[in-house]
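First the structure, in the form of structure tokens, and then the observations on it.
The values are calculated or read from the model by the stated rules, or taken from the named source; none is laboratory data. This structure is a prediction, so every number in the text was calculated from the model and none was measured. For neighbour counting, all protein chains shown are included, and Cβ atoms are generated from backbone atoms with ideal geometry for every residue, glycine included. The area values use the complete protein model at the heavy-atom level, side chains included, leaving out ligands, DNA and RNA. Shrake-Rupley method; radii C 1.70, N 1.55, O 1.52, S 1.80 Å.
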Amino acid sequence: MTGPAENSLGSTGPAASPRSSPERKRQRRLSSTVAPVFGLVLLFGGWEVYVRLSGVSPLTLPPPTRIIRHLVAEPSFYVRNGWVTLSEALIGFFMALLTALGLAIVMAHWRFAERAMVPVIVLVQSTPIAVLAPVFLLWFGFSATPKILVAALFAFVPFVSNALGGMKSIDRHTLEVLRSVDARWWEILWHLRLPHALPALFAAARVCVGLALVGAVIGELYGGSTRGLGYQARIAQSRSLVDQLWGSVLALALIGIVLTLLVMTLERRVLKWHTSQAPI
Amino acid sequence: MGTDRAATVEVRARGLGKTFDSDGRRTEVLAGVDFEIEAGEFVSLLGPSGCGKSTLLRLIGGLIMPDAGEITVAGQAPQVGRRSKRFGLVPQTPALLPWRTVRQNLTLLPRLNRGRGDAPRGDAARKAIDVDRLLDSVGLADFAHALPAELSGGMQQRVSLARAFALRPPILLMDEPFAALDEITRSHMRFLLLDLWVDTNATVVFVTHSIEEAVLLSDRVMVLTNRPGHISADVTIDLPRPRRHGIEDDDGFHRHTAALRAALNGATATPIS
């Protein structure tokens, strides 16, 4: 046995002497990439092990490896239908963003409009939007429009409340400095209110990409479509195509993850000045 | 040296009053405020917290409207002065735009509200040189491209100061700009302000609750007493300029602080000399 002192000197354990900066950086990068992957591995690993050990029928719950094999075997099917759902979700997402921004700008500048719109927004928030999907189907028929509308409605409320909150919570002193040179309302909007609302808008966007995707899928589930992952999941369920059902679910999850990562990457670039991006 | 400057009245208030209404509770913040401030004068508004100093500063700057009396800046309503960019405002907090670099914070205000009012507009090149020289004179030349969050509180307040001077305003309005800083930084900031001011002909209205600060900086100190706030004493500070480090230990300095302390305590103000 060698002396414990010699061992601990060479170790990189948590008790080791003060870490050098590159060492620290490496550790941070490690934990920021390894930890999220670890979470997913735990989920899918646990799932796989459970299915194999419990002997549950793959028709009830197929193991993840089987779903992935199926996805890889039918790439064009999932790309084609995924693209349909993705484009519906994205159009709905941007429709919600633009409408919410426009409305929040009016509400931030005109007290009457704010008071008039708050009940309407609460109404939209409390309405089970999924129930509106058949109504939209009735109105707009077998097109992408009803799916886009459901997606937009899902994303609308988080966008409008965050945009309004961000634009109104500006610093009183900074506003006074701008007013002291008689800055016009659009100059205050452009130079103070909108940039100040960006962190809240990005926080909303992270949630809303997922919500818009859910909205598009719900729109497809209610029928009136011949394409899209939501539609294929419905068909698979009615024909007991378990692999296709789970394949659609996994493909949707993948699209959701990629979209959220895209938003977060953009956020990191745009919000360099914001405290939320400061290294810990 | 206020006496050397042309004795034209820059700010005039007559019977000025302001009442705030919140949830049915009326608070009379200012009442019967009369004063004149000459062009080029450095005047401090001294008083305890909540006596209406900041409200008075906002009235001068046309950021709020009076409920009684009238106030003029260069003979016109303060709103006209605001439109023609007569004011450089330095609030209590640095109030910088966190998404703009130090330099971009300095160049923003001159770019706003263009083509309105009657302020002389210099050519872009002259303005650009000014910004870098200003940054140099507040000791932040190396931080021109830093974001506000990367600076200390004192450095941020220096940016805020430079931003106001970058407008070359005839009137500087300062609302306890150094109150949040530590004692050592605060002392440096006071002399930095005097150095920057001496190169301009600007009138300064400086809100403070520090007697020493008021004496050190001002040509004249107006003492505000609440409630409602009114000017209870008007004390001329005839200490010679330029004022340098160590002036705080002079007898003259002590005489002035004693007089102001007495005025603040409600005694009859006796202007010195």
Item checked: helices (runs of 4 or more DSSP H) within the range A:185-280 that include 2 or more residues of a type in the set (Val, Ile, Thr) -> A:194-221, A:242-270
Check: Does B:Leu96 satisfy the criteria of being aliphatic (A, V, I, L, M) and touching a Leu at 6+ places or on another chain (Cβ under 7 Å)?
Finding: no
Margin query: I want to confirm something. Restricting to the range B:180-208 and keeping residues that are touching a Lys or Arg at 6+ places or on another chain (Cβ under 8 Å) and open to solvent by 10 Å² or more (accessible area, probe 1.4 Å), which single residue is nearest to the other protein chains (Cβ to nearest Cβ)?
Written below: B:Thr200
Notebook entry, point to check: Within the range A:75-107, can you find the residues that are farther than 18 Å from A:Thr260 by Cβ, of a type in the set (Gly, Ala, Ser) and open to solvent by 20 Å² or more (accessible area, probe 1.4 Å)?
Noted result: A:Ser76, A:Gly102
Check: Restricting attention to the range B:82-96, which residues are touching a Ser or Thr at 6+ places or on another chain (Cβ under 9 Å), buried (at least 21 other Cβ atoms within 10 Å of the Cβ) and not aromatic (Phe, Trp, Tyr)?
Finding: B:Arg82, B:Lys85, B:Gly88, B:Leu89, B:Val90, B:Pro91, B:Pro94, B:Ala95, B:Leu96
Checklist line | Filtered residues of the range A:140-195 (kept if of a type in the set (Gly, Ala, Ser) and under 17 Å from A:Leu97 (Cα atoms)) | finding: A:Ala151, A:Ala152, A:Ala155, A:Ser161, A:Ala163, A:Gly165, A:Gly166
Item checked: Residue, nearest to the other protein chains (Cβ to nearest Cβ), within the range B:71-111, restricted to residues that are part of a helix (DSSP H, G or I) and over 16 Å from A:Val177 (Cβ atoms) -> B:Gln79
Next item on the list: Look through the range A:168-184, keep the residues that are within 7 Å of another protein chain (Cβ to nearest Cβ) and not in a helix (DSSP H, G or I), and return whichever of them is farthest from B:Ala162 (Cα to Cα).
Entry: A:Arg184
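Looking at this structure, is A:Leu103 more than 21 Å from the chain's Cα centre (by Cα) and modelled with pLDDT of 95 or more?
So A:Leu103 fits the description; yes.
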Checklist line | Of the criteria (1) facing chain A (nearest Cβ under 10 Å); (2) open to solvent by less than 40 Å² (accessible area, probe 1.4 Å); (3) of a type in the set (A, V, I, L, M), which one B:Val11 fails | finding: (1)
Next item on the list: May I ask you to list the residues in the range A:37-68 that are outside any helix (DSSP H, G or I), of a type in the set (A, V, I, L, M) and open to solvent by less than 70 Å² (accessible area, probe 1.4 Å)?
Entry: A:Val56, A:Leu61
Checklist line | Residues of the range A:221-264 satisfying the condition of being open to solvent by 30 Å² or more (accessible area, probe 1.4 Å), within 19 Å of A:Thr145 (Cβ to Cβ) and polar (S, T, N, Q) | finding: A:Thr226
Checklist line | Filter pass, A:Ala197 being buried (at least 24 other Cβ atoms within 10 Å of the Cβ) and touching a helix residue (DSSP H, G or I) at 6+ places or on another chain (Cβ under 6 Å) | finding: yes
